[in-house]
Amino acid sequence: MNKNFEQKIAEVFRRDTTPIKHTSHPDAATLLAYIGGDMPPERRARLAAHLATCPSCQERRLELTELVKAEVAQLSSHCQLKPFTELAKNGRGVIATVRKWLPQPQWQLRPVYLTLVSTGAAVGLALALVFSLSANRTAWHRLESLEEKLAGLETQITLSLGIPSQFGKQPPSPRELQALLDRTATIEDPWQVALLVGSFLNEHGILLDERIDWTELTAYTVQPGDTWESVAQKVLNDPSLWPLLCVVNAKLKDPTEKLSPGETILVPARQLGSPL
Amino acid sequence: MQAELVREARLALWDRILRGEEPPSEELSYLKKAACDLSDEDKLSVVLLFAAAEIASRGGPSQRHLIAALRYWFSQAGSAAAREHLDLEEISQGGLPECLGTHLRWPEAAQTIGISPNNYMALKRITESLRQECVRQWEKLFGGPVPLALLRGEQDE
């Protein structure tokens with residue numbers, strides 16, 4: 001066993017800590033900083049060496065440590081939070097006191113009823129929300145299906161009649177129409193005139209029916225109540241093609257004037273495949 | 001006067017080791033140079049410090065067992081008045097002044113570092129490690145044979 005070596009170590013340590021008569025001593029602030037751990041390690045180690053060989057300073061350190069501990073214990077007791085149960089008990093007491101001050105209602109809403117009513121309201125709100133969401137979703141679905149149907153009908157009409165959709169296209173303005181008339185005035189061939197007018201109308205979303213034969217024109221006597229649109233409806237099956245009639249008759253009649261009964265204008269003689 | 005300065009330097013280093021801190025290398029170098037002119041008894045104190053510093057530098061259980069043993073041995077020195085204010089928590093967080101004079105028992109010293117109070121074997125093992133390291137450090141520092149005073153530990157009972 002190392003009993004003797006242990007005794008030797010103890011002897012070395014006793015000798016090393018033998019008190020020395022120091023010429024200077026740390027003040028209370030320094031000792032408090034040491035106790036509080038608020039000191040750099042090098043300085044703390046030097047002070048520890050001093051304390052180890054200075055019984056009076058060591059005694060002062062012990063006294064100060066006890067004082068600090070007592071102070072900390074006192075502060076802790078003052079700062080300690082009360083348990084939650086005690087706080088809750090106090091809280092209930094305060095609420096009960098405040099209730100006494102308030103006027104008593106005619107009927108007391110018992111907590112059970114209050115719970116039932118609030119639960120029922122919550123369930124009702126939830127159901128209303130669910131139903132409204134469901135109805136809203138159904139409406140959206142219906143709207144979507146209507147839009148699809150409309151698009152389908154439009155496509156169907158366009159395909160069957162050969163008339164493309166006019167939705168979203170702007171009709172020609174009078175100034176544009178006048179410019180078109182000026183251009184067609186110089187062209188003698190009605191077919192070329194028809195092509196020019198057709199492309200003009202196409203730019204504005206109005207397509208000519210391919211079945212109409214523009215190479216042969218015939219006279220049409222204006223009937224009472226006839227307008228450019230109604231004549232276009234009668235002879236071209238499309239009132240929106242009235243500018244075409246204006247162009248064809250540009251040399252006979254000013255298109256800005258209304259048609260007069262008994263007046264004669266030129267219209268396409270027939271439709272391809274079927275006489276007018 | 002030189003011996004007193006070296007003693008103060010030793011005690012400052014013991015405080016660092018007791019707190020689990022690494023002793024500054026410049027302090028050890030100073031001590032190594034100053035130790036050559038000291039008496040054999042003071043040389044032994046220096047060797048013991050270097051041996052402890054070496055074991056502490058290994059870290060882990062060796063360092064913890066060493067700190068417990070040093071607290072145990074240092075607590076036997078100093079005024080016994082400190083025992084009246086025994087606070088193991090304070091000792092576990094403190095250094096040399098906190099354990100001086102507290103006259104710890106081994107289980108108490110072991111408790112301050114968090115090892116089993118009944119682990120007496122730890123004290124025996126660390127004492128033997130320290131003794132062997134002292135022999136090595138003596139030869140390393142002074143070159144010559146180890147004085148008989150140091151070898152007394154080998155005379156097992």
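Every number here is computed from the coordinates shown, using simple stated rules; none is lab data. Just so it is clear, the structure is predicted and the values come from calculations on it, not from any experiment. Please note: Cβ atoms are built from the backbone with ideal geometry, for glycine as well, and neighbour counts cover all protein chains shown.
Points to keep in mind about this one:
- Amide H contacts under 5 Å for A:I212: A:L272, restricted to partners 5 or more places along the chain or on a different chain, H placed in the peptide plane at 1.01 Å from N.
- Shielding of B:120-128 by partner chains, average beta-carbon count, 10 Å: 2
- All aspartates and glutamates inside 13 Å of B:K140 as judged from Cα atoms, apart from same-chain residues fewer than 8 positions distant: B:E54
- Sorted fewest first by neighbouring Cβ atoms within 10 angstrom, B:I55, A:I20 come out as A:I20, B:I55.
- The range A:215-248 residues near the modelled A:S260 label - backbone nitrogen below 18 Å, point 7 Å along Cα→Cβ: A:220-228
- 3J(HN,Hα) along the range B:69-78: 5, 5, 4, 4, 6, 5, 5, 6, 8, x Hz, from the Karplus curve 6.51 cos²θ - 1.76 cosθ + 1.60 with θ = phi - 60°, whole Hz, x for Gly and Pro.
- Shielding by partners for peptide A:40-46, expressed as the average number of C-beta atoms from other protein chains within 10 Å of each residue's C-beta, is 6.
- Lysines with Cα under 20 Å of A:K8, excluding same-chain neighbours fewer than 8 positions away: B:K43, B:K124
- Converting phi to 3J(HN,Hα) with the Karplus coefficients 6.51, -1.76 and 1.60 and the offset θ = phi - 60°, the range B:104-114 yields 5, 8, 4, x, 5, 4, 5, 5, 5, 10, x Hz in sequence order, with x at every glycine or proline.
- Note on B:12-23: average number of Cβ atoms from other chains within 10 Å of each residue's Cβ is 4.
- For the range A:3-79, the spread of Cα positions along each principal axis, largest first, Å: 52, 33, 22
- Placing R0 at 35 angstrom, the Cβ-Cβ distance between A:S118 and A:A70 gives a FRET efficiency of 0.05 after rounding to 0.05.
- Lysines with Cα under 25 Å of A:K69, excluding same-chain neighbours fewer than 8 positions away: A:K82
- Here each label is just a point 7 Å from Cα along the line to Cβ, and for B:L5 and A:A185 those points are 12.4 nm apart.
- Relative contact order of the range B:2-152, taken over Cα pairs closer than 8 Å and 6 or more residues apart, is 24 percent.
- Interchain or long-range residues, amide H under 5 Å from A:A269's placed H: A:E216, A:L217, A:T218
- Here the Karplus curve 6.51 cos²θ - 1.76 cosθ + 1.60, taken at θ = phi - 60°, turns the phi angles of the range A:21-29 into couplings of 8, 7, 8, 9, 9, x, 7, 5, 4 Hz, with x standing for Gly and Pro.
- Here r is the Cβ-Cβ distance between B:N119 and A:S24 and R0 is 45 Å; the resulting FRET efficiency, rounded to 0.05, is 0.60.
- GluC sites (Glu not before Pro) restricted to DSSP loop in the range A:1-53 with at most 10 other C-beta within 10 Å: none
- For peptides B:81-90, A:57-66, sequence by mean Cβ density within 10 Å, most packed first: A:57-66, B:81-90
- Computed from the C-beta positions of A:A128 and A:V94 and an R0 of 35 Å, the FRET efficiency is 0.35 to the nearest 0.05.
- Positive-end extreme of charge dipole, the range A:3-79 - chosen from A:Y34, A:N4, A:L75 (charges on Cβ): A:N4
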